[in-house]
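The values are calculated or read from the model by the stated rules, or taken from the named source; none is laboratory data. Since the structure is predicted, the reported quantities are computational estimates derived from the model, not experimental observations. Note that each Cβ is placed from the backbone with ideal geometry, even for glycine, and that neighbours are counted across all protein chains shown. Keep in mind that these areas ignore ligands, DNA and RNA; they rest on the heavy atoms of the full protein, side chains included. Shrake-Rupley method; radii C 1.70, N 1.55, O 1.52, S 1.80 Å.
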Amino acid sequence: TMTDTVLYETAGDVAVIRLNRPKALNALTTEMKEGLLAAVRRAAGEPVRAVLITGQGRGFCAGQDLVEHSQQLEAGRPALNTVREHYNPIVMEIASMPKPVIAAVNGVAAGAGAGLALACDFRIAAESASLVMSFAAVGLGPDTGVSWTLSRLAGPARATELLMLAEPVPAGRALDLGLLTSVVPDDELAENALDLARRLAAGPTAAYRAIKQEIQFASANGLAESLEEEAVLQGQLGQTVDHREATAAFVRKERPKYVGH
């Protein structure tokens, strides 16, 4: 189910998903989480070749909407069922997306909003943006995959620091810590992010799909198993139109045209 709190559009071969509660810094209500999950699944199933996720207004995503959350707690409802019902499926859809996913972090990304950004393959941030692992500030541990992504991007010791202190991390420091792909001036973010998405959409998306799969596999398996996984996927990629076209184009000294299979 799509809602007006999550906007979906296509720009050529790129699907653009825009969180759209700007007055609340795109804090995630139940309706919004359901809309985001539907949008990500739609992008996975449509013939787009790259996905861009960003926020409307001055924030990327402030995480869980604590007003709605507080109301659910007061009503005695199991509010944290949202982790299994919404956050886990959203993160898994992004991680398993058979195409590149770019987060354009246009402002604060806090809690689950930071988790959403970290789950993406690329994170381009505006200079004024920041990441806040704010879970402990409300008496919670991490969700949206942050325990997995943050420790792999920044290392366990730094992840512990960022999660326990729950202090804002400016874009420049986040870049130094390896949490961001690049940082650009605020007024250049939208153009830079879309340019990257278009570049990836024009590339060998079958190879990108294998790269995502191999990296995730290697994070949970040893060298021998990872070597075998590489051999299996390399064998599959060797039969693709993209591989034959790219090889022939190299010999001809021409730019290859990729079709994604």
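Residue-by-condition table, conditions (1) under 13 Å from the mean Cα position of the chain (by Cα); (2) part of a helix (DSSP H, G or I); (3) buried (at least 19 other Cβ atoms within 10 Å of the Cβ):
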site: Arg84; (1), (2), (3): no, yes, no
site: Ile90; (1), (2), (3): yes, yes, yes
site: Lys99; (1), (2), (3): yes, no, yes
site: Ala125; (1), (2), (3): yes, no, yes
site: Ser151; (1), (2), (3): no, yes, no
site: Glu167; (1), (2), (3): no, no, no
site: Gly178; (1), (2), (3): no, no, no
site: Asp187; (1), (2), (3): no, yes, no
For this session: Identify, by number, the condition in (1) surrounded by 17 or more Cβ atoms within 10 Å (Cβ to Cβ); (2) at pLDDT below 95; (3) assigned to a helix (DSSP H, G or I) that Ala159 doesn't meet.
Result: (2)
Exercise. Can we say Leu194 is part of a helix (DSSP H, G or I), at pLDDT 90 or above and either touching a helix residue (DSSP H, G or I) at 6+ places or on another chain (Cβ under 7 Å) or open to solvent by less than 30 Å² (accessible area, probe 1.4 Å) (or both)?
Worked result: no
Exercise. Does Ala39 satisfy the condition of being hydrophobic (A, V, I, L, M, F, W, C) and either without any contact (Cβ under 8 Å) to a residue 40 or more places away in the chain or surrounded by fewer than 16 Cβ atoms within 10 Å (Cβ to Cβ) (or both)?
Worked result: yes
Problem set entry | Residue that is most open to solvent (accessible area, probe 1.4 Å), among those in the stretch 42-68 that are closer than 25 Å to Tyr208 by Cα and assigned to a loop (DSSP other than H, G, I, E, B) | Pro47
Exercise. If you scan the stretch 202-216, which residues turn out to be part of a helix (DSSP H, G or I) and either open to solvent by 60 Å² or more (accessible area, probe 1.4 Å) or of a type in the set (Asp, Glu) (or both)?
Worked result: Arg209, Ile211, Gln213, Glu214, Ile215, Gln216
Problem set entry | Given (1) out of contact with any strand residue (DSSP E or B) (no Cβ under 9 Å at 6 or more places or on another chain); (2) aliphatic (A, V, I, L, M); (3) closer than 24 Å to Val132 by Cβ, number of the condition Ala27 does not satisfy | (1)
